[in-house]
Structure formats: structure tokens, C-alpha cells
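Asker: Once you've had a glance at the structure underneath, I'll fire off some questions.
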Amino acid sequence: MTDQNIPLSNTQLPNAEALVITLAQKLEPLLQNNTALVGIHSGGVWLMQRLLVLLEKTIANYDVEHGALDVSFYRDDYAQRGLKAENRPSQIPFDVENKHIILIDDVFYTGRTARAAMNELFDYGRPASITLIALVNRGGRELPIAPQIVAADIPLEATQHLQLTQLTDGSLALELTSQNNSARPQEHE
Amino acid sequence: MNNPQLDSDGHLRHLLSIEGLPKRILNQILDTAESFVGVAEREVKKVPLLRGKTVCNLFFENSTRTRTTFEIAAKRLSADVISLNVGTSSQSKGETILDTVDNLIAMHADMFVVRHAQSGAAHLIAKHVPPHIHVINAGDGRHSHPTQGLLDVFTIRKYKPDLHNLRIAIVGDVLHSRVARSEIHALTTLGVPEVRVIAPKTLLPAQVEKLGVHVYHDINAGLKDVDVVMMLRLQNERMNGAMLPSSQEYFKTYGLTQEKLALAKPDAIVMHPGPMNRGVEIDSSVADGKQSVILPQVTYGIAIRMAVMAILAGGQVASGSAGGS
């Protein structure tokens with residue numbers, strides 16, 4: 001997909017579950033001893049839960065651990081926006097020191113969430129490496145940070161909002177909304 | 001009347017008392033504190049939320065635990081903290097409270113944590129400061145001690161998550177206790193169905209029933225089948241008449257011993273806001289016993305104070321994030 005081909009509606013979006021499978025295939029060769037998965041709330045954690053199922057064997061083989069980050073306390077827009085009403089405890093139930101961390105985000109956009117997540121991770125210890133993976137790279141980067149692995153590049157306009165949602169059966173879906181007027185769509189992360 | 005604690009959008013601006021705070025705000029503070037508990041277990045026990053902000057602890061009355069936990073909380077949020085023991089500073093030279101506050105604002109303080117022997121001191125300061133400055137009441141006279149009330153509820157929720165199914169007893173000097181008032185307001189607002197107060201008539205405020213509590217003068221009846229026993233300190237320094245025969249007599253009647261505790265549910269927890277008078281309101285074997293959660297209360301106090309400061313300094317609660325990642 002190119003810049004000339006910006007999707008304007010949900011019907012032009014790829015199927016999220018198909019993307020999850022693509023992402024799992026790309027991720028599998030990276031899993032080794034001393035690797036840990038870390039999802040960023042909320043979408044990154046949902047995505048991680050799907051990857052844990054799809055890559056169950058490999059993960060068990062290499063004893064890959066996993067955790068979750070809520071980067072609310074590390075965001076750079078806290079002074080303007082304050083704390084979100086709902087924040088969840090970050091849970092990193094393993095020693096970060098010298099781990100190869102796979103940081104999982106749903107939709108990669110400005111890079112600010114990834115920066116916040118990396119800052120938070122370093123407060124737990126010094127990882128051996130961090131690899132950033134995302135389901136979708138939507139363009140619009142504001143920091144020199146980019147995911148090493150993505151399942152799809154979907155360039156979007158700044159007025160468009162792409163969000164991953166989790167359905168009741170645990171499967172994932174992508175949802176595209178446009179904000180033409182002042183009304184902001186309800187964003188979760 | 002306007003609630004000085006909330007701004008026009010209903011966001012928390014100052015924390016002065018639990019009275020008047022909606023359930024939504026109480027839950028927001030408790031839920032946010034949940035996220036801060038884990039910070040203390042990390043290698044770096046700090047988050048950058050209050051970087052560049054200055055928090056002033058204004059303690060016109062002595063307190064070790066409250067001042068220390070506020071100080072640790074602010075430092076774990078990366079704020080710069082100044083603790084003023086005002087008794088030993090300009091106040092003793094005759095400066096008024098508001099002059100002290102104005103001077104600190106001129107030094108670019110962003111937040112005040114106020115403890116004062118006079119009820120309403122924190123309100124006075126909150127009414128006086130410009131909009132970008134936040135005030136937290138760390139105890140004013142007999143009136144209120146909201147962060148203590150919140151940390152008590154937080155502790156209860158940790159051990160007994162279903163607040164809608166609890167019987168809670170508050171035992172002791174309710175009359176002089178700002179902690180009791182804050183606890184009662186928090187517990188009833190959050191839907192605890194049965195809050196009991198157990199004390200002699202001389203240590204209960206008039207018309208205490210109006211706060212929605214059940215009154216007991218007999219501790220044995222009052223402790224029967226409760227899930228939580230919250231002991232209060234016998235406030236010797238606040239007592240200016242002979243309200244009690246003696247502290248030994250008080251211990252005999254209202255002091256919490258293993259025998260009296262056995263009347264509560266077997267898994268009941270015992271709390272105390274500190275400082276404890278061992279052998280006056282609580283027996284050492286209970287204070288140090290396996291049902292005691294007195295030290296966890298202190299630990300959770302830091303998380304609660306971090307949550308309050310983080311919510312206040314954020315100025316508002318965003319309904320969403322910055323728009324993707």
C-alpha cells in the first residue's frame with residue numbers, strides 16, 4: 001500500500017487476525033533463550049495474548065516469559081492531559097536485567113508510547129536488547145524510533161484514527177474512524 | 001455551594017476532605033494507587049510524573065509518619081520536596097499562614113501538603129492560592145485526614161475486596177479523631193453496608209448516628225462477627241477534661257486484646273492509623289499478631305499519597321490518550 005492508497009473506510013482494512021498470524025511468523029525466529037515478551041496496554045497486551053497462543057510451542061521451548069506495561073506514568077503529555085482515569089499496574093514478573101525484550105505495540109504512530117515504554121523498562125533493570133514489534137505501522141513518526149517488525153504498513157492521514165479492539169472471544173479487529181469535526185473518537189491507547 | 005475540591009469539570013483540584021467527594025473520585029484515587037504499589041518493588045523506585053515540580057510540606061503540627069510518607073511519595077514521583085517544620089520557622093516570629101504560603105509561591109512551589117492543629121487550615125490555604133497550585137490536607141484539627149481515610153480503605157480493599165459485603169468496627173476515641181471522620185465518609189460513600197463505632201459516650205461526638213454508623217458502647221457486642229477492626233489512638237494530647245478514669249481503666253474496657261478480637265470473624269483484620277499506645281487501646285500481642293495489617297497500612301499510605309499527588313498535578317483526567325502510539 002502506498003501513500004496514494006490511504007484507506008478511507010473499514011472495508012479497505014486488512015483482517016487483524018490474518019495480520020496477527022503474519023506477525024507471529026515474523027517473530028518466531030527471534031525467540032531464543034533469555035527472551036521475554038512485554039505488551040503495552042491495552043492493545044499490545046491483547047496482541048501478546050494472541051502471540052502466546054500462536055507461538056505456544058516455541059515459547060515453551062525457550063522458556064520465554066512475559067509481562068505488561070501501562071506507560072501512563074511515563075507519558076510526555078502528562079502535563080497537558082493528566083492521568084487517564086483508568087490505568088493498570090505494570091506487571092513485569094521477571095528480572096529485566098540482561099533479557100532480550102520483545103516490546104509489543106498494536107498500532108505504531110508517533111513513537112511516543114514506545115519511548116515511554118522503554119524508559120519504564122529501564123527502571124526495572126538493564127535489558128540486553130529491546131526489539132519493537134507492532135501489528136500495524138501507520139506512519140506519522142515524531143521521534144527517531146521505529147518498529148523492527150510489523151505485519152502491515154498502512155499509511156494514514158492525521159485525521160484518521162486506527163484502533164485495535166478485542167472482541168468477546170479474544171480475537172482482534174481493526175477499526176478506522178475519522179475525526180473531521182471537533183469530536184474526538186474514544187481512544188483507549 | 002461550590003465544592004472547592006473540584007474544578008468546573010468535576011476534576012480533583014485540592015484534596016481537603018473525603019466529605020463531598022463523589023464515589024467516582026474515590027475510586028479513581030484507589031485504582032491509581034493500585035498502579036503505584038508495584039513501583040516500590042522495582043529497581044528504580046521512581047516515576048517521572050512530577051519532574052520539575054516542587055512540593056512543600058507545611059507541617060504546623062508534629063507528625064513523623066504522615067510527613068515522611070508524603071515526602072517519600074513526592075520523591076518517588078520525581079518531585080523536589082521541601083519539608084518545613086513551621087513551628088520552628090517564621091510562624092514563631094509572627095508571620096501569618098497565608099504570608100508563609102505566599103512566600104513559598106513566590107519561590108515557585110506547585111503543591112502544598114498541610115498539617116495544622118486548627119480545623120479548616122487547609123481550606124483556608126486552598127481558597128487563597130492561584131488556580132495552578134494544589135493543596136492536600138494532611139490533617140486539620142479534629143476535622144479531616146483524607147489520605148489516612150483513603151489508605152485505610154485501600155488496605156481494607158486489598159484484604160477484603162468486596163466492600164459491599166463487609167461489617168467494619170471503628171473502636172475508640174471517635175470524638176477527637178479526624179481519622180475516624182474521614183474513614184466513616186469513605187466507607188459509607190463506597191457502599192460498605194455496616195459501619196459500627198464502639199466507644200464510651202464521652203468519646204463520641206453528638207449525633208454521630210447521623211453519619212450513617214451503628215453505635216455500640218459495649219465492645220463485646222460491637223466486635224461480634226466484624227470483618228475489620230479499626231482501632232483509634234487515645235488522643236491524650238487532645239483531651240482537656242477528665243473524660244476517662246484512667247488509661248488502665250480504658251484498656252480494661254476498650255483495649256483490643258486477643259480475647260476481644262476472638263469475637264470478630266476468624267479472618268478479621270486489625271488496623272491502627274498510628275502512633276499506637278500499646279497497652280492503652282491495643283495489646284502488643286494483637287498489634288504484632290497475624291491478623292494485624294498495621295505495617296501494610298504504612299506501605300500503602302505511600303501509594304495513596306502518590307496517587308493523590310499524581311492526579312492533582314495532572315490537572316485533569318484525560319478521557320483518552322494522545323492518539324495511537
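No value in this document is a laboratory result; all are computed from the given coordinates. Remember, predicted model here, so these are calculated numbers, not experimental data. Here the Cβ positions follow ideal geometry from the backbone for every residue, glycine too, while neighbour counts run over all protein chains shown.
Asker: Could you give the size of the charge dipole of the protein assembly as shown about its Cα centre, using +1 on the Cβ of each K and R and -1 on the Cβ of each D and E, expressed in debye and rounded to the nearest 20?
Answerer: 1120 debye
Asker: With only alpha-carbon atoms in the gyration tensor, what are the semi-axes of the equivalent ellipsoid for region B:146-294, in Å, largest first?
Answerer: Taking √(5λ) for each eigenvalue gives 21, 18, 14 Å, largest first.
Asker: Relative contact order for region B:146-294 using alpha-carbon pairs under 8 Å, separation at least 6, rounded to a whole percent?
Answerer: After rounding, I find 24 percent.
Asker: Can you check what the Kirkwood hydrodynamic radius comes to for chain B, Cα pairs only, in Å to one decimal?
Answerer: About 20.4 Å, per the Kirkwood formula over Cα pairs.
Asker: Let me ask something additional. To the nearest Å, what is the center-to-center distance of region A:141-159 and region B:1-63, using C-alpha atoms only?
Answerer: Comparing the Cα centres of region A:141-159 and region B:1-63, I get a distance of 36 Å.
Asker: Which of the pairs B:Lys23/B:Lys158; B:Lys160/B:Lys224; B:Lys160/B:Lys260; B:Lys201/B:Lys290; B:Lys23/B:Lys224; B:Lys201/B:Lys260 have their Cα atoms more than 23 Å apart in this structure?
Answerer: Over 23 Å apart, Cα to Cα: B:Lys201/B:Lys290; B:Lys23/B:Lys224.
Asker: So what is log10(I(q)/I(0)) for region B:1-59 at q = 0.16, 0.20, 0.28 1/Å, when the Debye sum runs over its Cα atoms only?
Answerer: -0.74, -1.00, -1.14
Asker: Which value results when the Cα radius of gyration for region A:22-91 is divided by 2.2 N^0.38 Å? Numbers along the way, then the final one.
Answerer: Numbers: Rg = 14.6 Å, N = 70, 2.2 N^0.38 = 11.1 Å.
The value comes to 1.32.
Asker: Counting only DSSP beta bridges with both residues in chain B, what percent are antiparallel, rounded to the nearest 5?
Answerer: Among the beta bridges of chain B, antiparallel pairing accounts for roughly 5 percent.
Asker: If you consider only alpha-carbon coordinates, what radius of gyration and Dmax does the protein assembly as shown have, in Å?
Answerer: Values for the protein assembly as shown (Cα only, Rg and Dmax): 26.2, 88 Å.
Asker: Sticking with this one: Can you give the Rg to Rh ratio of chain A, both from alpha-carbon atoms, with Rh computed by the Kirkwood formula? Don't skip to the answer; put the middle values down first.
Answerer: On the way: Rg = 16.3 Å, Rh = 17.1 Å.
The Rg/Rh ratio comes out at 0.95.
Asker: What does the structure give for A:99-109 when I average, per residue, the other chain Cβ atoms found within 10 Å of the residue Cβ?
Answerer: What the average comes to for A:99-109 is 1.
Asker: If you don't mind, there's one more thing I want to ask. Can you give the FRET efficiency for B:Ser285 and B:Thr202, using 1/(1 + (r/R0)^6), R0 = 25 Å, r = Cβ-Cβ distance, to the nearest 0.05?
Answerer: For B:Ser285 and B:Thr202, the calculated efficiency is 0.35.
Asker: When Cβ neighbours within 10 Å are restricted to other protein chains, what is their mean count per residue of peptide B:37-49?
Answerer: Details: counts 1, 5, 5, 0, 2, 7, 8, 5, 1, 2, 8, 9, 8.
For this peptide, the per-residue mean of nearby foreign Cβ atoms is 5.
Asker: Taking amide H atoms as placed 1.01 Å from N in the peptide plane, list the residues 5 or more away in sequence, or in a different chain, whose amide H sits under 5 Å from that of B:Ser292.
Answerer: Distant-sequence amide H within range of B:Ser292: B:Val270.
Asker: Also, I was wondering about something else. Take A:Leu167 and B:Ala40, extend 7 Å from each Cα along the Cα→Cβ direction, and tell me the distance between the two endpoints in nm.
Answerer: For A:Leu167 paired with B:Ala40, the spin-label model returns 4.4 nm.
Asker: Still on this structure, please answer the following. Along the charge dipole of chain A, Cβ charges K/R +1 and D/E -1, which of A:Thr11, A:Leu121, A:Pro155 sits furthest on the positive end?
Answerer: A:Pro155
Asker: Through the Karplus equation 6.51 cos²θ - 1.76 cosθ + 1.60, θ set to phi - 60°, convert the phi angles of region B:37-50 into ³J(HN,Hα) values in whole Hz; use x for Gly and Pro.
Answerer: Whole-Hz 3J(HN,Hα) from phi for region B:37-50: 4, x, 4, 5, 9, 7, 4, 9, 8, 8, 10, x, 4, 9.
Asker: List, in order, the whole-Hz ³J(HN,Hα) value for each residue of region A:56-69 obtained from phi through the Karplus relation with A = 6.51, B = -1.76, C = 1.60 and θ = phi - 60°; use x for Gly and Pro.
Answerer: Couplings: 3, 5, 4, 5, 5, 3, 9, 6, 6, 8, 8, x, 9, 10 Hz.
Asker: Let me ask something additional. Quick one: Karplus J couplings for region B:296-309, per residue in order, coefficients 6.51, -1.76, 1.60, θ = phi - 60°, nearest Hz, x for Gly and Pro?
Answerer: Karplus-based 3J(HN,Hα) across region B:296-309 equals x, 4, 5, 4, 5, x, 5, 4, 4, 5, 4, 4, 4, 5 Hz.
Asker: So, R0 is 41 Å and r is the distance between the beta-carbons of B:Thr96 and A:Gln179; what FRET efficiency does that work out to, to 0.05?
Answerer: 0.20
Asker: Hey, another quick one. If you take every DSSP beta bridge whose two residues both sit in the protein assembly as shown, what share of them, in percent to the nearest 5, is antiparallel?
Answerer: If I count the DSSP bridges inside the protein assembly as shown, around 15 percent turn out antiparallel.
Asker: If you wrap a convex hull around the C-alpha atoms of region B:5-152 and split its volume per residue, what is the figure in Å³?
Answerer: 118 Å³
Asker: What whole-number volume per residue, in cubic angstrom, does the convex hull of the C-alpha atoms of region A:77-137 give?
Answerer: Cα-based convex hull of region A:77-137, divided per residue, equals 101 Å³.
Asker: If I model a spin label at B:Lys252 and A:Phe94 as a point 7 Å from the Cα along the Cα→Cβ vector, what separation in nanometres do I get?
Answerer: So the two model labels end up 6.3 nm from each other.
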